[in-house]
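Here, each number is a calculation from the coordinates, and none is a lab measurement. Everything numeric in this text was worked out from a predicted model, so none of it was measured. Glycine gets a Cβ as well: all are built from the backbone with ideal geometry, and neighbour counts include every protein chain shown.
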Amino acid sequence: MVDGRLLLDGGAPLLPHLHRVGVDPGDIEAVFLTHFHGDHVLGLPPFVLHRIFIDPRPLTFVGPAGIGDHLEQLWELSWGHEWKTLFRPKFKVKYLTAKRSGSVAGYDYESVKLDHGAMGSIGYRIQVNGKLIAYSGDTEPTAPLEKLVSGADVAIVEATGPGEVVTHMSWEAARDLKKRHPKTRFFFNHLYSGTVSGAVKDLQVVFV
Ligand SMILES: [Zn+2]
């Protein structure tokens, strides 16, 4: 989550985590989705419920082609036939396919297609208060990732685990990436195995 107004993907348990870091879920104006794997979208249904019944401010989703159909299927899976009859009419939502560059909720962004198995992923470079933030979602450490983080003030990039990690980036590749971009401040997420000394133990709000 960035600037209290942007969400970058929506893994579970999103809603309680927003409350824990003191963010009002109603303040989120746009959600950037990198791809549709479950660990990146399954926190969204409870958040959407909040945005329908507790705080019905407008919300925009930006993501890969087909984002509207994909998310509507997820909402329908979550609430069955009541989605269309009870929930959908109250939901002030816009679905936008990510462009190469665009603007959402007053934030300028560029998108970069990344390598992530058969599904692929879209990384974002977002201008936030004069700083350039790069966010990878899931990616292999290939050439498009270099392009994504190049010149960024802050890069939020996955580092899945030590050694061989299929369709993802290993810790070793993450370390090398950081070395190649010494002026960029890196935050590594998506750690699925292994333990890292110095890793944060809980949620943290970071000011950059
Ligand atoms: Zn994935």
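Some observations on this one:
- Using every pair of distinct Cα positions in the chain, the Kirkwood expression returns a hydrodynamic radius of 17.7 angstrom.
- Annotation: amide H-H contacts under 5 Å for residue 128 (H modelled 1.01 Å from N, sequence separation of 5 or more, or interchain): 133.
- Each listed q (0.17 Å⁻¹) maps to a log10 I(q)/I(0) for the stretch 100-208 from the Debye sum over equal C-alpha point scatterers, namely -0.81.
- Residue of 118, 155, 98 that the Gaussian network model of the chain assigns the largest fluctuation, springs spanning Cα pairs under 10 Å: 118
- Filter on 113/179; 147/201; 113/183; 147/179; 178/201; 92/113 - keep pairs with C-alpha separation over 20 Å: 113/179; 147/201; 113/183; 178/201; 92/113
- Here the stretch 1-98 is treated as an ellipsoid with the same Cα gyration tensor; its semi-axes, largest first and in whole Å, are 18, 16, 13.
- Cleavage-rule hits, trypsin sites (Lys or Arg not before Pro), the stretch 1-70, DSSP coil, Cβ neighbours within 10 Å at most 16: 5
- Angle between the chain longest axis and helix 171-180 axis [Cα atoms, degrees, rounded to 10]: 70 degrees
- For the stretch 100-208, DSSP calls about 60 percent of its internal beta bridges antiparallel.
- P(r) of the stretch 65-151 over all Cα-Cα pairs, binned every 5 Å from zero, in whole percent: 3, 13, 18, 18, 16, 13, 12, 6, 3, 0
- With a Förster radius of 45 Å applied to the C-beta separation of residue 53 and residue 196, the computed FRET efficiency comes to 0.70.
- Assigned charges on the beta-carbon of Lys, Arg, Asp, Glu; the stretch 1-98 dipole about Cα centre (debye): 260 debye
- Here the relative contact order of the chain, from alpha carbon pairs under 8 Å that lie six or more residues apart, stands at 14 percent.
- Least to most buried among 31, 21 (fewest other Cβ within 10 Å first): 21, 31
- C-alpha center-to-center spacing [the stretch 1-42, the stretch 68-90] in angstrom: 19 Å
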